[in-house]
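*Asks:* Pasting in a structure now, in structure tokens, and then I'll have a few things to ask.
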Amino acid sequence: MKNLKWLGLVVAVVVAPVLWASGSGNAEAGKTVYDKKCASCHAKDGAGNPAIAKAMKVELRHLGSKEVQAKSDADLKKDTVEGIGKMKGIKLSDTEIADAIAYMRTLKQK
């Protein structure tokens with residue numbers, strides 16, 4: 001019985017934060033965030049808006065591409081909050097960011 005208490009403590013302190021940090025967002029809620037804050041530049045399907053790319057003189061990678069999908073959630077959060085290249089950072093709550101990243105993961109190309 002004593003070992004079960006320790007196991008519970010290990011799960012609460014070690015495992016739970018890891019599970020929360022990886023894939024904790026809600027993709028359905030993330031679609032709403034994405035549609036409001038991201039789709040104008042990244043397009044509804046994540047392919048990138050050609051007019052924005054041309055105006056900014058950049059190549060917008062598909063958000064479902066291997067290169068983008070290989071990034072960790074932490075890196076995607078940093079890119080979103082701080083910006084990357086010519087993209088300016090976007091102000092979102094931690095929940096909104098987690099949800100948007102969860103939705104972006106659904107755009108993964110096969």
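The values are calculated or read from the model by the stated rules, or taken from the named source; none is laboratory data. Computed from a prediction, not measured in an experiment: that's the story for all the values here. Here the Cβ is made from the backbone with ideal geometry for all residues, glycine too, and neighbour counts use every protein chain on show.
*Asks:* Might you let me know whether the range 64-87 holds any residue that is part of a helix (DSSP H, G or I) and touching a Ser or Thr at 6+ places or on another chain (Cβ under 7 Å)? Show your work before the answer.
*Replies:* Initial filter on the range 64-87 (part of a helix (DSSP H, G or I)): 66-69, 73-82.
Narrowing the set further to residues that are touching a Ser or Thr at 6+ places or on another chain (Cβ under 7 Å) leaves 73.
Yes: the range 64-87 contains one or more residues that are part of a helix (DSSP H, G or I) and touching a Ser or Thr at 6+ places or on another chain (Cβ under 7 Å).
*Asks:* Can you tell me how many residues in the range 64-79 are over 18 Å from residue 94 (Cα atoms) and either touching a strand residue (DSSP E or B) at 6+ places or on another chain (Cβ under 9 Å) or surrounded by 11 or more Cβ atoms within 10 Å (Cβ to Cβ) (or both)?
*Replies:* Matching residues across the range 64-79 total 4.
*Asks:* In the range 42-83, what count of residues is obtained for those that are within 14 Å of the chain's Cα centre (by Cα) and over 21 Å from residue 110 (Cα atoms)?
*Replies:* Matching residues across the range 42-83 total 9.
*Asks:* Quick check on residue 31: is it outside any loop (DSSP other than H, G, I, E, B), basic (Lys, Arg) and either surrounded by 13 or more Cβ atoms within 10 Å (Cβ to Cβ) or modelled with pLDDT of 95 or more (or both)?
*Replies:* Working: outside any loop (DSSP other than H, G, I, E, B): yes; basic (Lys, Arg): yes; either surrounded by 13 or more Cβ atoms within 10 Å (Cβ to Cβ) or modelled with pLDDT of 95 or more (or both): yes.
Here the answer is yes, as residue 31 does meet what is asked.
*Asks:* State the number of residues belonging to the range 82-96 that are in contact with a helix residue (DSSP H, G or I) (Cβ under 7 Å, 6 or more places away or on another chain) and without any contact (Cβ under 8 Å) to a residue 24 or more places away in the chain. Explain how you work it out, then say what you get.
*Replies:* Looking only at the range 82-96, we keep the residues that are in contact with a helix residue (DSSP H, G or I) (Cβ under 7 Å, 6 or more places away or on another chain), and these are 86, 89-90, 92, 96.
So of that shortlist, the ones also without any contact (Cβ under 8 Å) to a residue 24 or more places away in the chain come out as 89.
Within the range 82-96, residues that are in contact with a helix residue (DSSP H, G or I) (Cβ under 7 Å, 6 or more places away or on another chain) and without any contact (Cβ under 8 Å) to a residue 24 or more places away in the chain number 1.
*Asks:* Tell me which residues, restricted to the range 54-63, are surrounded by 11 or more Cβ atoms within 10 Å (Cβ to Cβ) and in a loop (DSSP other than H, G, I, E, B).
*Replies:* 58, 60, 61, 62, 63
*Asks:* Let me ask something else. Suppose the filter is part of a helix (DSSP H, G or I), in contact (Cβ under 8 Å) with a residue 40 or more places away in the chain and of a type in the set (Gly, Ala, Ser); does residue 51 pass it? Before the answer, list the steps.
*Replies:* Values: part of a helix (DSSP H, G or I): yes; in contact (Cβ under 8 Å) with a residue 40 or more places away in the chain: no; of a type in the set (Gly, Ala, Ser): yes.
It is false that residue 51 is part of a helix (DSSP H, G or I), in contact (Cβ under 8 Å) with a residue 40 or more places away in the chain and of a type in the set (Gly, Ala, Ser).
*Asks:* From the set of residues in the range 88-110 that are part of a helix (DSSP H, G or I) and of a type in the set (A, V, I, L, M, F, W, C), which is surrounded by the most Cβ atoms within 10 Å (Cβ to Cβ)? Walk me through it before giving the result.
*Replies:* Here is the first cut: in the range 88-110, the residues part of a helix (DSSP H, G or I) are 94-105.
Restricting the remaining residues to those that are of a type in the set (A, V, I, L, M, F, W, C) gives 97-98, 100-102, 104.
Values: 97: 22, 98: 23, 100: 28, 101: 25, 102: 21, 104: 25.
That would be 100.
*Asks:* Considering each residue of the range 34-48, count those that are part of a loop (DSSP other than H, G, I, E, B) and aliphatic (A, V, I, L, M), and give that number.
*Replies:* Residues in the range 34-48 being part of a loop (DSSP other than H, G, I, E, B) and aliphatic (A, V, I, L, M): 2 in total.
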